[in-house]
Amino acid sequence: MLVEPRSGLLAAWGNALLAGLVSPDEAALAIVGEDAVHRVDGLPGEVGPVGLTLALGRLRGLGATGFRVALPVPGHPLGLSGPPVFNARALEAEEAVVAYGVPYGLVPEVTEAGPAGDVHVEVVWRVLPVREAPPADVPSLGEAERELAEALRDATAVLSRLDVAGSGPVAEAAVDAYRARAERGREVLAPGYPPRAVRVLEMAQRVGLLVSVAYENGHGGAVSASEIAARGEALRPVERVARRAQVAAYNAYVEGGEVRR
């Protein structure tokens, strides 16, 4: 959760493009990020994969007025609205983008090649039909912000109770990554998103940091299998709240029409 999901980047910068706040090339460059290349396959009227700029323009021409994010995991179809084929593909990827105004969704397929330290990443976004219906379990920004405040307290309490170490190389690296990202402030979302959406996403990332530390920084004081299981049980609802908040932040444009021109 320290790194924006590819679906978040596509939705946020796609929304900024639709709002006229960035050019197609600027949006495509931000979406690709450190990956080598992104292509979009299955667009109506196209016989094969096309580039992001063409794909975003084609979706806009078909009637897309916004993009929202889904971050589903087993047992929690967060942001999905069907049909089953799309839901299954999105669940396998644990993320997807759903266009608003046209019945299409995009699911990323990621391919990595090359040695450690020089990995070449290619992404193909598969376009699939979606059901035009309210997405599952997506809160408003206000709800997400309130839930995050509680989740942050809960996560901190869990770390303290289970004696998860707050030092060591893994924890220090996680904290450094969060601080580096926080320094970029308003770049955490694409241009035009309201401050509240930025704040909610930053809080979600902070909660995600604490969950990552708890899971990755050794066993801390949880030395028995039952204590390790208790940690997982305590942190799962916290992680769920953070994912819901991420989706609420990315979807602020579609759900509330809040991207500023």
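Each value in this text was obtained by applying a stated rule to the coordinates, not by laboratory testing. What you are looking at is a predicted structure, and each value in this text was computed from that prediction instead of being measured. When we count neighbours, we look across all protein chains shown, and the Cβ atoms used for this are built from the backbone with ideal geometry, even at glycine.
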(request) Give me the distance between the Cα centres of region 101-127 and region 38-70, rounded to whole Å. (result) 14
(request) Report the residues of region 192-207 in range of a label on SER140: point 7 Å along Cα→C-beta, backbone N strictly under 18 Å from it. (result) 194-201
(request) Express in nm, to one decimal, how much length is gained between ALA157 and GLU132 on full extension, taking 0.36 nm for each residue of separation and deducting their alpha carbon distance. (result) 5.0 nm
(message) Which order do the peptides 90-97, 48-55 come out in when sorted by mean C-beta neighbours inside 10 angstrom, highest first?
(response) 90-97, 48-55
(request) At 0.36 nm per residue, minus the direct Cα-Cα distance, what do GLU109 and GLU92 gain on full extension? Give it in nm, one decimal, please. (result) 5.1 nm
(request) Could you tell me which of rounded, prolate or oblate describes region 16-95, using a ≥ b ≥ c as the square roots of the eigenvalues of the alpha-carbon gyration tensor, with rounded for a/c under 1.5 and, failing that, prolate when a/b is larger than b/c and oblate otherwise? (result) prolate
(request) Using label points projected 7 Å from each Cα along Cα→Cβ, tell me how many nm separate ARG199 and ALA149, to one decimal. (result) 1.0
